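Asks: First the structure, then my questions, so here it is.
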Amino acid sequence: MHPKVTEIDHPLMQHKLTILRNADTTTDNFRRVVREIAAMMAYEVTRDLATELVPVTTPVADCEAPVISGKKLCLIAIMRAGNGMLDGMVELLPGARVGHIGLYRDPETLEAIEYYYKVPSDIDERQVILVDPMLATGNSASAALSRLKEDGVSSIKFVCLLAAPEGLETLAREHPDVPIFTASIDSHLNEHGYIVPGLGDAGDRLFGTR
């Protein structure tokens, strides 16, 4: 479906994902668990960050120890649901800059329409982690990735809680160079463009607007 997709199947993450799937999970618990899963996913997504050795004096001796090096990070959320994943990742990566891309899905065509775009001015010099809980049709993710590439971004990863095969196929066709990280590849999309079995509308459940 996509040449660079990673499905993170850690048991603890899968347990938390089941909580999100449950229709009876309250809004506050849904938000909390999304933050927890996002932080866990950040570990896997940043596994290949470059490091360099620097001198450090411990209470016992002098040594050389690794620190993060290379391009600086920027976390970008596809609004509004992507905002729910930002908090968990920012807790783990407090030095990262944050950007936002506002997109909404046309209910008839399911195409993504941009209404907001705000990223750091040096975005082309940063490693970007783009987050959105759901990869359904893939149209919003593809539009966001295209927009970032237009601004000169060459290092991008896309992170989502759930992915549908249809969305993976869209990104395989339009952005095969972008690694994708997800907690689950679900079955399919229904006639309304929702992931099955999914977890419902992530934005509504995060912000209590369902």
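The values are calculated or read from the model by the stated rules, or taken from the named source; none is laboratory data. Here the structure is a predicted model, which means the values were calculated and not measured. Note: ideal-geometry Cβ built from the backbone for every residue, glycine included; neighbour counts use all protein chains shown. To get the accessible areas, we keep the full protein, side chains included, count just its heavy atoms, and leave off ligands, DNA and RNA. Shrake-Rupley method; radii C 1.70, N 1.55, O 1.52, S 1.80 Å.
Asks: Suppose we keep only residues that are in a loop (DSSP other than H, G, I, E, B) and open to solvent by 10 Å² or more (accessible area, probe 1.4 Å) within region 176-185. Which one would you say is nearest to T137 (Cα to Cα)? Outline the logic, then answer.
Replies: Within region 176-185, the first condition is being in a loop (DSSP other than H, G, I, E, B), and the residues that meet it are 176-179.
Applying the additional criterion that residues be open to solvent by 10 Å² or more (accessible area, probe 1.4 Å) yields 176-177, 179.
On the way: P176: 15, D177: 18, P179: 17 Å.
Applying the filter and picking the extreme gives P176.
Asks: Further question on the same structure: In the set L161, L171, which member is of a type in the set (A, V, I, L, M), outside any loop (DSSP other than H, G, I, E, B), at negative phi and in contact with a Pro (Cβ under 9 Å, 6 or more places away or on another chain)? Before the answer, list the steps.
Replies: On the way: L171 fails: in contact with a Pro (Cβ under 9 Å, 6 or more places away or on another chain).
None of the others qualify; the one that does is L161.
Asks: If a residue must be open to solvent by 30 Å² or more (accessible area, probe 1.4 Å) and within 27 Å of Y43 (Cβ to Cβ), how many such residues does region 188-200 contain?
Replies: 2
Asks: Next question, about the same structure. Going through region 93-123 one residue at a time, which ones are surrounded by 16 or more Cβ atoms within 10 Å (Cβ to Cβ) and out of contact with any strand residue (DSSP E or B) (no Cβ under 8 Å at 6 or more places or on another chain)?
Replies: none
Asks: What number of residues within region 141-174 satisfy the criterion of being open to solvent by less than 10 Å² (accessible area, probe 1.4 Å) and touching a Phe, Trp or Tyr at 6+ places or on another chain (Cβ under 8 Å)?
Replies: Residues that pass the stated criteria total 6.
Asks: Now for a separate question. What strands (runs of 3 or more DSSP E) completely inside region 60-145 contain at least 1 residues that are in contact (Cβ under 8 Å) with a residue 24 or more places away in the chain? Explain how you work it out, then say what you get.
Replies: Values: elements: 62-68, 73-79, 97-105, 112-118, 127-131.
Output list reads 73-79, 97-105, 112-118, 127-131.
Asks: Give the residue, chosen from T18, T6, that is part of a helix (DSSP H, G or I) and under 23 Å from A164 (Cα atoms). Break it down stepwise before answering.
Replies: On the way: T6 fails: part of a helix (DSSP H, G or I).
The unique qualifying residue is T18.
Asks: Name the residue, out of A65, A96, A61, that is among the small types (G, A, S) and closer than 16 Å to K118 by Cα. Walk me through it before giving the result.
Replies: Values: A65 fails: closer than 16 Å to K118 by Cα; A61 fails: closer than 16 Å to K118 by Cα.
On inspection, the qualifying residue turns out to be A96.
Asks: Is there a residue being in contact with a helix residue (DSSP H, G or I) (Cβ under 6 Å, 6 or more places away or on another chain), surrounded by 15 or more Cβ atoms within 10 Å (Cβ to Cβ), touching a residue at least 24 places away in the same chain (Cβ under 8 Å) and of a type in the set (V, I, T) anywhere in region 40-53? Spell out how you get there, then give the answer.
Replies: Keep residues of region 40-53 that are in contact with a helix residue (DSSP H, G or I) (Cβ under 6 Å, 6 or more places away or on another chain), which gives 40, 42.
Filter once more, keeping what is surrounded by 15 or more Cβ atoms within 10 Å (Cβ to Cβ): 40, 42.
Narrowing the set further to residues that are touching a residue at least 24 places away in the same chain (Cβ under 8 Å) leaves 40, 42.
Next cut, of a type in the set (V, I, T) only: none.
Taking every residue of region 40-53 in turn, none turns out to be in contact with a helix residue (DSSP H, G or I) (Cβ under 6 Å, 6 or more places away or on another chain), surrounded by 15 or more Cβ atoms within 10 Å (Cβ to Cβ), touching a residue at least 24 places away in the same chain (Cβ under 8 Å) and of a type in the set (V, I, T).
Asks: A follow-up question, please. Take D204 and decide whether it is part of a helix (DSSP H, G or I), of a type in the set (D, E), free of Cβ contacts under 8 Å to residues at least 24 places away in the same chain and open to solvent by 10 Å² or more (accessible area, probe 1.4 Å).
Replies: Working: part of a helix (DSSP H, G or I): yes; of a type in the set (D, E): yes; free of Cβ contacts under 8 Å to residues at least 24 places away in the same chain: yes; open to solvent by 10 Å² or more (accessible area, probe 1.4 Å): yes.
So D204 fits the description; yes.
Asks: Additional query: Tally up the residues in region 54-80 that are modelled with pLDDT under 90 and open to solvent by less than 50 Å² (accessible area, probe 1.4 Å), please.
Replies: Number of matching residues: 1.
Asks: Still on this structure: Do we find a residue being closer than 25 Å to G208 by Cα and open to solvent by less than 20 Å² (accessible area, probe 1.4 Å) anywhere in region 18-25? Give the derivation first.
Replies: Just the residues of region 18-25 that are closer than 25 Å to G208 by Cα, to begin with: 18-25.
If we keep only those that are open to solvent by less than 20 Å² (accessible area, probe 1.4 Å) as well, we get 20, 25.
Yes, because at least one residue in region 18-25 is closer than 25 Å to G208 by Cα and open to solvent by less than 20 Å² (accessible area, probe 1.4 Å).
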